[in-house]
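Undergrad: Mind looking over this structure? Questions follow.
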Amino acid sequence: MPLSFDVRLNDLTGAREELRGVTEGSRAASSQASVTPDSSLLGASPEASTFFIETFGCQMNAHDSEKVAGVLLGRGYRQVDDLDSAKVVFYNTCSIREKAAQKVFSRLGEYRKHPGHGKIIGVLGCVAQQEGEEIFERAPWVSLVCGSASYSKLPALLAQLEAGNRRVTGLDKDTDETFETEITRRDNPFRAYLTIIEGCDKSCSYCVVPFTRGPERSRSSASVLQEVRKLADLGYSEIQLLGQTVNSYRDPMLRGMSRGMTFAELLVAVAAVPGIRRVRFTTSHPRDFGPDIVEAIDSVPALCDHVHLPVQSGSTRVLRSMQRTYTRDEYLEKIALIRSARRPISVTSDIIVGFPGETEEDLADTLSLLDAAQYDGVFAFQYSPRPNTSSLQMADTIPEQEKGRRLAVVQDRQREIQVVRNNELVGQIFEVLVDGASRRPGQWAGRTSSNRILNFSSPHSDLLGQYTQVRVTRASPNSLIGEQVEQVV
Ligand code: SAM
Ligand code: SF4
């Protein structure tokens, strides 16, 4: 495992000096590169090159972009916040729903209007994996196409561009490697994302992720813990472990180990690293969610009291058609398990409405599941047929307008539930990690361990990054309002 560096947003200017040592090799190589009109921006003088990354989609994409930025910083590039001043532009794309996938093509279309833009354009992520070299046909000004399953090859692809290649691709999916970088440029100065499992081996019939992100690959617990210790040394106190099915984590066996850590054991070990005060994890798959995870949350206060456990539908018939591998009742048993914990654990979920063949009765099942589960938050989506998924074979017969109606019905019911649940919290005191300051003096925002947003007032200044106690005074469906009761540094 190479020495790894971490760069925070606030530290970027200073950190570049420290990074010099690890970039010598790559810069020496690039200084000998042959130069073509496009690659001159990269090959001649990377340290003079600026890059901009736009990210679409989930937290895993956001974290992938942090790692891509780290790879570029390690090669001497400088990150800029506006596209116009960037020499290299990367779009890290999402294709989970059609609308998300279309966004990148509308971005790429803009370059048609500016033929002399002189930029190197790269397309990363799920759309890159899905569309492959066709992207070069649709947008000939693109130089790099790399799918998320091939990110471990990204440094080599950049080296090829620096060496004068005009077009490079990383589209293999049969990798058993995870994308670990020497440098990661982290956007949030308090909370660090850390991918512990990449890809997905489930085969939900509507989902493009197994195709775009490849098979499941877990990172070894030793390497995860080594990175957590470094993050703690850098001052991060909150770690969010990421994976499409994070709790399907399987520790790769190392020589001399009789068995690897289970997911629950890894959670406990991460929480035990000195300096770490909060550990989150997302997304959990219901099938692999067992009592050991609840037991770990119950016994270790640093493990946050929040589980994101997407159900997708309340109808067993639809769940079967979605190939979700559990029934409504089995799912509700997992909810009962979480509710049996000694401390309250907040639960959130994802729901898809308008899946092929979904009837009014199925929708009613989803609404009654919302009542039974009593979620603290729900992300609801209209079904969107995706390429390379098995549900494409099922006729998408529900009109978009009707899908929209069902979405509104689900959101309305969930809003009513959240109004009641959040109102029950008025008067209670929570610890928050302060991660936002309002323009209005004395107004701050933070998150509770249960991942609720709590906006609060305090006479103190400079609270960012601190943990403090806040009493809830009012509640709205999506956030809480409160006042600081005591400051804990
Ligand atoms: N791996 C996670 C899981 O198993 O729940 C979720 C991954 S996905 C990035 C996030 C959410 O997008 C899913 O939970 C699902 O609700 C939604 N989603 C995925 N494919 C979809 C599709 N074709 N149409 C609408 N929503 C979709
Ligand atoms: Fe997609 Fe299902 Fe895998 Fe989640 S578990 S990423 S929804 S295939």
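The values are calculated or read from the model by the stated rules, or taken from the named source; none is laboratory data. The structure displayed is predicted, hence computed values, not measured ones. Reconstructed Cβ throughout: ideal geometry from the backbone, glycine too, with neighbour counts over all protein chains shown. Calculation scope for accessible area: heavy atoms of the full protein, side chains included, ligands and nucleic acids excluded. Shrake-Rupley method; radii C 1.70, N 1.55, O 1.52, S 1.80 Å.
Undergrad: At what distance in angstrom do the alpha carbon centres of segment 229-272 and segment 107-151 lie from each other?
TA: Segment 229-272 and segment 107-151 have Cα centres separated by 34 Å.
Undergrad: Now, a different point. Given +1 on the Cβ of Lys and Arg, -1 on the Cβ of Asp and Glu, and no further charges, what dipole in debye does segment 128-240 carry about its Cα centre, rounded to the nearest 20? Intermediate results must be reported in sequence, preceding the final value.
TA: Details: 14 positive and 18 negative charges, 51 e Å.
With only Lys, Arg, Asp and Glu charged at Cβ, the dipole is about 240 debye.
Undergrad: With r as the distance between the Cβ atoms of residue 438 and residue 226 and R0 = 51 Å, compute the FRET efficiency 1/(1 + (r/R0)^6) and round to 0.05. Intermediate values should be presented prior to the final figure.
TA: On the way: r = 38 Å, r/R0 = 0.74.
Once the sixth-power term is evaluated, E becomes 0.85.
Undergrad: Between segment 424-489 and segment 176-227, how far is it from one alpha carbon centroid to the other, in angstrom?
TA: Computed from Cα coordinates, the inter-centre distance equals 31 Å.
Undergrad: Which pairs, out of 173/202; 67/153; 153/230, put more than 20 Å between their alpha-carbon atoms?
TA: Details: 173/202 16 Å; 67/153 13 Å; 153/230 24 Å.
Listed pairs above 20 Å: 153/230.
Undergrad: Test of understanding: what is the full-extension gain from residue 350 to residue 396, defined as 0.36 nm times their sequence separation minus their Cα-Cα distance? Mind showing how you got there, number by number?
TA: Values: separation 46, 0.36 × 46 = 16.56 nm, distance 2.00 nm.
Stretched out fully, the residue 350 to residue 396 stretch lengthens by 14.6 nm.
Undergrad: Follow-up question, since we're still on this one. Please report, in whole Å³, the volume per residue of the convex hull around the C-alpha atoms of the chain. Don't skip to the end; give the middle numbers.
TA: Values: hull volume 78.6 nm³, N = 489.
In the chain, the Cα convex hull volume per residue is 161 Å³.
Undergrad: Got a sec? Charge dipole of the chain, +1 on Cβ for Lys and Arg, -1 for Asp and Glu; which of 448, 383, 247 is way out at the positive end?
TA: 448
Undergrad: Hey, another quick one. Leaving out ligands and nucleic acids, and using a 1.4 Å probe, what accessible area per residue does the chain come to in Å²? Walk me through the numbers before you get to the answer.
TA: Numbers: 20790 Å² over 489 residues.
On a per-residue basis, the chain sits at 43 Å².
Undergrad: Rank these by accessible area, largest first, 1.4 Å probe: 305, 172. Present the calculation step by step, with values, prior to reporting the outcome.
TA: Working: 305 25, 172 75 Å².
In descending accessible area the options line up as 172, 305.
Undergrad: Right, next: Give me the extension gain from residue 167 to residue 83: residue separation times 0.36 nm, minus the current Cα-Cα distance, reported in nm with one decimal.
TA: Numbers: separation 84, 0.36 × 84 = 30.24 nm, distance 2.11 nm.
Roughly 28.1 nm would be gained on extension.
Undergrad: Label points 7 Å out from Cα along the Cβ direction at residue 102 and residue 320: separation in nm?
TA: A separation of 3.5 nm, rounded to one decimal place.
Undergrad: Suppose every Lys and Arg Cβ carries +1 and every Asp and Glu Cβ carries -1, with no other charges. What dipole size does segment 231-385 come out with about its Cα centre, to the nearest 20 debye?
TA: Values: 15 positive and 20 negative charges, 110 e Å.
For segment 231-385, the charge dipole is close to 520 debye.
Undergrad: Here's something else I'd like to know. Any idea what the dipole of the chain comes to, in debye rounded to 20, about its Cα centre with Lys/Arg Cβ at +1 and Asp/Glu Cβ at -1?
TA: Working: 57 positive and 62 negative charges, 94 e Å.
Its charge dipole is roughly 460 debye.
Undergrad: Quick one: with all protein chains in place, what share of the accessible area of the chain is carbon or sulfur, to the nearest percent (1.4 Å probe)?
TA: Numbers: 10460 of 20790 Å².
Carbon and sulfur together cover 50 percent of it.
Undergrad: Once the dipole of segment 245-363 is set up with Lys and Arg at +1 and Asp and Glu at -1 on Cβ about the Cα centre, which of 285, 319, 300 lies farthest towards its positive end?
TA: 300
Undergrad: Beyond 17 Å, how much of the Cα-Cα pair distribution for segment 373-489 remains, as a whole percent? Can you show the working numbers first?
TA: Values: 4275 of 6786 pairs.
Counting pairs separated by more than 17 Å, the tail of P(r) holds 63 percent.
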